[in-house]
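*Asks:* The following block contains the structure, expressed as structure tokens.
Taken together, the values in this text are just the output of simple stated rules run on the coordinates, not laboratory data. Since this is a predicted model, take the numbers as computed values, not measurements. As a convention, Cβ positions derive from the backbone with ideal geometry for all residues, glycine included, and neighbour counts pool all protein chains shown.
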Protein chains: 2
Amino acid sequence: MTSTDLFFDFICPYAWRGLELVNALRAEGETFRLRHFSLVQGNHADNAGQPEPRWWLTDQPPGEGTVSQQSSLAAFLAAGAAARQGEEAAWAFSLALLRIRHEDGQPLDEAALTQAAQTAGLDSGRWAADRADETGLREGLRTDLSEAHRLGVFGTPTFVLPDGHAAYYRFDHLTRDPQVARERWQLYRDVLQSEAGIGTIKRTRRMTR
Amino acid sequence: MTSTDLFFDFICPYAWRGLELVNALRAEGETFRLRHFSLVQGNHADNAGQPEPRWWLTDQPPGEGTVSQQSSLAAFLAAGAAARQGEEAAWAFSLALLRIRHEDGQPLDEAALTQAAQTAGLDSGRWAADRADETGLREGLRTDLSEAHRLGVFGTPTFVLPDGHAAYYRFDHLTRDPQVARERWQLYRDVLQSEAGIGTIKRTRRMTR
């Protein structure tokens, strides 16, 4: 593995900040791979304490479940359809959708998906056709969710470095500045690669700065 | 506040490493204050989701409760008695007891407390007399537990910097080298003081390096 995997969920505002962070680094030649992790699956009561998930987002019938379940599943599948137009299309769609949801504060609904596809410059006819392959898209999502479970991902954004270090990285303040992004990314890597074997740094409560 | 508060529990092996870390820094003139946080209280089922603790370690009758409850309470009170012989006595006793428990693997029992007092060079007669002031020692412990609750402490070691930043810091590898300790301490402070507003860096699973 030569690229860093980024596990994220469209419903998560910290995942949005994480995607913006590494998007700023992509311009400098660092490579990241977009992967999906489902918070509603990870936090589902049926999965608490289970060695393997009993409740899978990918097994939920269309149109059933909570708003979060339905909207996160629809977003993942729509992003999967976008990815069939290439990696850059996947990035453009994912960033657009996260900004609509978390920067503009719009709901994660069908209108948001359509708007993200337009902003990303997708071939709309092809995107619509690919979205109809629900079975194939669910299989692709299942692969990511299984891998995330295997790695022990519990929140987003979680990055898996090429050397195998993997951790959740939550921060409050957005940046799109490559230099600032570089500093934040280096600090995160310094923590994971420290000889201390750091497992956790977690605030007792949120700072209001 | 000009010193850093260190909240710890004698039953926690990560707290031991945290105390060793900052003990190595004390030689360089940095000041830390020892504070107590109870993991058995923090994790008690009666306190889950409560705005204020309903179960207090300091309200437990002597000789009642689980082994962890009894041994952690006895250790806190014994450390409180040691602290009446001065701050250096408190450090010496606390380090000695943590090493007996987590380095030597001995149980946290009365023999361990006595051995720690000897290793720390306490005035044993005075220590025994101070231990008899159970009410006063419990009041002192209660002050720390209340402050820890107010700060939202959830695990140990948790450090509260003079500027108010506060976070749990868990790492696997012990150091008593002041230079290494300095690097690890600076990394922790860099994370807390980053303009990113970092809330959490947490591994998905423990690395075996």
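*Asks:* Mind putting a number on the dipole of the range B:32-133 about its Cα centre? Charges go on the C-beta only, +1 for Lys and Arg and -1 for Asp and Glu, and I need it in Debye to the nearest 20.
*Replies:* Details: 8 positive and 13 negative charges, 39 e Å.
Dipole size: approximately 180 debye.
*Asks:* With unit charges on the beta carbon (Lys/Arg positive, Asp/Glu negative), name the residue among A:GLY65, B:VAL180, A:GLY105 whose Cα is farthest towards the positive pole of the charge dipole of the protein assembly as shown.
*Replies:* Among A:GLY65, B:VAL180, A:GLY105, the one farthest towards the positive end of the dipole of the protein assembly as shown is B:VAL180.
*Asks:* Continuing with this model, one more query. Would you kindly work out, in nm and rounded to one decimal, the distances from the label point of A:GLY65 to those of the same position in each other copy, ordered shortest first, with label points 7 Å along Cα-to-Cβ?
*Replies:* Spacings between copies for this position, smallest first, are 4.3 nm.
*Asks:* Using a Gaussian network model of chain A whose springs link C-alpha atoms within less than 10 Å, name the residue from A:VAL153, A:VAL180, A:VAL40 with the highest mean-square fluctuation.
*Replies:* A:VAL180
*Asks:* Multiply the residue separation of B:GLN106 and B:GLU134 by 0.36 nm, subtract the distance between their alpha-carbon atoms, and state the gained length in nm to one decimal. Don't skip to the end; give the middle numbers.
*Replies:* Values: separation 28, 0.36 × 28 = 10.08 nm, distance 2.47 nm.
That pair, B:GLN106 and B:GLU134, stretches by 7.6 nm at full extension.
*Asks:* At q = 0.14 Å⁻¹, work out log10 I(q)/I(0) for the range A:4-193 with the Debye formula, treating every Cα as an identical point scatterer and leaving solvent out; two decimals please.
*Replies:* -0.77
*Asks:* Grab the Cα-Cα distance for A:LEU174 and A:VAL67, subtract it from 0.36 nm times how many residues apart they are, and report the gain in nm with one decimal. Spell out each step's value before the answer.
*Replies:* Values: separation 107, 0.36 × 107 = 38.52 nm, distance 2.64 nm.
Answer, rounded to one decimal: 35.9 nm.
*Asks:* Here's something else I'd like to know. Output the peptides B:21-33, B:193-205 sorted from most to least packed, where packing is the average of other Cβ atoms within 10 Å over each peptide's residues. Don't jump to the answer; show the numbers that get you there.
*Replies:* Working: B:21-33: 15.5, B:193-205: 18.5.
Ranking, from highest mean packing down: B:193-205, B:21-33.
*Asks:* Compare B:HIS173, B:HIS102, B:HIS165 in a GNM of chain B, Cα atoms joined below 10 Å, and give the one with the largest fluctuation.
*Replies:* It is B:HIS173.
*Asks:* While we're here: Please report how far the C-alpha centroid of the range A:46-63 lies from that of the range A:96-156, rounded to the nearest whole angstrom.
*Replies:* 19 Å
*Asks:* Please say if the range A:127-180 is rounded, prolate or oblate, where rounded means a/c under 1.5 for a ≥ b ≥ c the square roots of the C-alpha gyration tensor eigenvalues, and otherwise the choice is prolate for a/b larger than b/c and oblate otherwise? List each step's numbers first, then the result.
*Replies:* Numbers: a/c = 2.77, a/b = 1.51, b/c = 1.84.
Oblate.
*Asks:* Return a whole-number percent for the relative contact order of the range A:153-209, with Cα pairs under 8 Å and 6 or more residues apart as the contact set. Kindly include the intermediate steps, with their values, before the conclusion.
*Replies:* On the way: 29 pairs, mean separation 12.7, N = 57.
The value is 22 percent.
*Asks:* Pulled fully out, how much extra length does the chain show between B:THR119 and B:SER194, if you take 0.36 nm times their separation in residues and subtract their Cα-Cα distance?
*Replies:* Numbers: separation 75, 0.36 × 75 = 27.00 nm, distance 4.04 nm.
Length gained between B:THR119 and B:SER194: 23.0 nm.
*Asks:* Still on this structure: Find the all-direction average of the projected area of the Cα convex hull for the protein assembly as shown, expressing the result in square nanometres with one decimal place.
*Replies:* Numbers: hull surface 88.8 nm².
One quarter of the hull surface, i.e. the mean projection, equals 22.2 nm².
*Asks:* Treating only the Cβ atoms of Lys and Arg (+1) and Asp and Glu (-1) as charged, compute the dipole magnitude of the range A:56-209 about its Cα centre; round to the nearest 20 debye.
*Replies:* 720 debye
*Asks:* Here's another thing I want to ask about it. When each copy gets a label point 7 Å from Cα toward the beta-carbon at B:ASN47, what are the spacings between them in nm, shortest first?
*Replies:* Label-point distances to the other copies, shortest first: 2.9 nm.
*Asks:* Would you mind putting B:4-14, B:106-116 in packing order, based on average other-beta-carbon counts within 10 Å, highest first? Could the numbers behind the result be given before it?
*Replies:* On the way: B:4-14: 22.5, B:106-116: 17.2.
Output ranking for B:4-14, B:106-116: B:4-14, B:106-116.
*Asks:* Specify, for chain B, the residue whose C-beta is closest to the rotation axis mapping it onto chain A, with the distance given in whole Å.
*Replies:* In residue-and-Å form, the answer is B:ILE201, 2.
*Asks:* Follow-up. Looking only at other chains, what is the average number of their beta-carbon atoms within 10 angstrom of each beta-carbon in A:163-175?
*Replies:* Numbers: counts 1, 2, 4, 4, 7, 6, 6, 7, 9, 5, 5, 2, 2.
Partner-chain Cβ atoms within 10 Å, mean over residues of A:163-175: 5.
*Asks:* Also, I was wondering about something else. Using only DSSP helix segments of four residues or longer, with each worth -39500 (n - 2.57), what per-residue ellipticity at 222 nm results for chain B after dividing by its residue count and rounding to 500?
*Replies:* Values: 8 runs with 99 residues, N = 209.
Calculated at 222 nm, the ellipticity per residue is -15000 deg cm²/dmol.
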